[in-house]
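Before any comments, here is the structure.
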There are 2 protein chains.
Amino acid sequence: MLLVANPKSIDIQAKLFRGFSDPSRLSILSALHGGALTVSEIVEATGLTQSNVSNHLACLRDCGLVAAEQQGRFVYYELSDKRVGRLLILADELLADVAKGVYECTRYTIKDAKNG
Amino acid sequence: MLLVANPKSIDIQAKLFRGFSDPSRLSILSALHGGALTVSEIVEATGLTQSNVSNHLACLRDCGLVAAEQQGRFVYYELSDKRVGRLLILADELLADVAKGVYECTRYTIKDAKNG
DNA sequence: TCATCATATCAGCATGTGGTGATATTACCC
DNA sequence: GGGTAATATCACCACATGCTGATATGATGA
């Protein structure tokens, strides 16, 4: 039974998932799944603002999801662990089945738009 | 390369992860990992308010992460897919290595309340 | 050293969203 | 049918948090 048990661990785990729960961060992680990239390259790949990317990278870096390596003026970022990518893939597979549900999961986002 | 590619899919995936990114929902999912439970049992297991649990369950249900089955006055909830549990387990394993990082990931959250 | 590029940081704003309490709904038991 | 238990829904509030623009830091090249 290696599933989360104590509330402490649940808080941490929620924090971990929060790293994945934002489209911007997910774009970044997805881009990094192909290999290390500089901040500029991430900006270009995701279409996000530079400061926005830097903010998210700082968070992802603090969370240990990405690793940074400075090379001159550039800073290369990469996924810190293969399991980060595996999580993305597993979620992708899960989505293949529950996508319609997630599409309509607007409980907290939209009020109506619930017709079918 | 079955990783997320188009921005549309990234939005959906972020939504999926958002289902996991809250301690309350994670507690619920974790509790359900042991088998189907009624709302009352979930309330008892998690220590959350009844309305709070119901709200989260509605979201999780809409997202397709849990399934509900009514039995008399009770409604039994269970994980809708094994991969939901697998995601939790994989995250748990990943946490074993990056936990210290996640602990200190307070970029957007300054609250402590993390003493032990 | 100065200019410039690459990146990081910060304050402020707007919005998303989790929690609560009240209440509605539904099903059961007497 | 009345009462009660189990669950769902809703409005409201407080706060977290993502985005932006401005700016700071740091490294490189001339």
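Each reported figure results from applying straightforward, stated rules to the coordinates on display, with no laboratory input. For clarity, every value in this text was computed on a predicted model and none was experimentally measured. Methodologically, a virtual Cβ is constructed for each residue, glycine included, from the backbone with ideal geometry; neighbour enumeration extends over all protein chains shown.
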- Query: If we hang a label 7 Å off Cα along the beta carbon direction at residue B:58, how far is it from the matching labels on the other copies, in nm, shortest first?
  - Reply: 3.7
- Note the distances from residue B:96 to each other copy's matching label point, with points 7 Å along the Cα-to-beta-carbon direction, in nm, sorted shortest first. 2.7
- Query: Among B:84-90, B:44-50, B:56-62, B:12-18, how do they line up from the highest to the lowest mean number of other beta-carbon atoms within 10 Å?
  - Reply: B:12-18, B:56-62, B:84-90, B:44-50
- Message: Treating the point 7 Å from Cα along Cα-beta-carbon as the label, what are the nm separations from residue A:82 to the other copies, to one decimal?
- Response: 2.2
- Query: What is the distance, in nm, between label points placed 7 Å from the Cα along the Cα-to-Cβ direction at residue B:11 and at residue B:89?
  - Reply: 3.4 nm
- Item | Backbone HN-Hα couplings from phi across the range B:65-81 [Karplus 6.51/-1.76/1.60, Hz, Gly and Pro as x] | 7, 10, 10, 10, 9, 7, 9, x, 7, 9, 10, 8, 10, 8, 4, 7, 8
- Query: Considering every residue in B:29-35, what mean count of other chain Cβ atoms within 10 Å of its Cβ is obtained?
  - Reply: 2
- Query: Ranked from highest to lowest mean number of other Cβ atoms within 10 Å per residue, what is the order of the peptides B:63-76, A:26-39?
  - Reply: A:26-39, B:63-76
- Item | For A:80-91, mean number of other protein chain Cβ atoms within 10 Å | 5
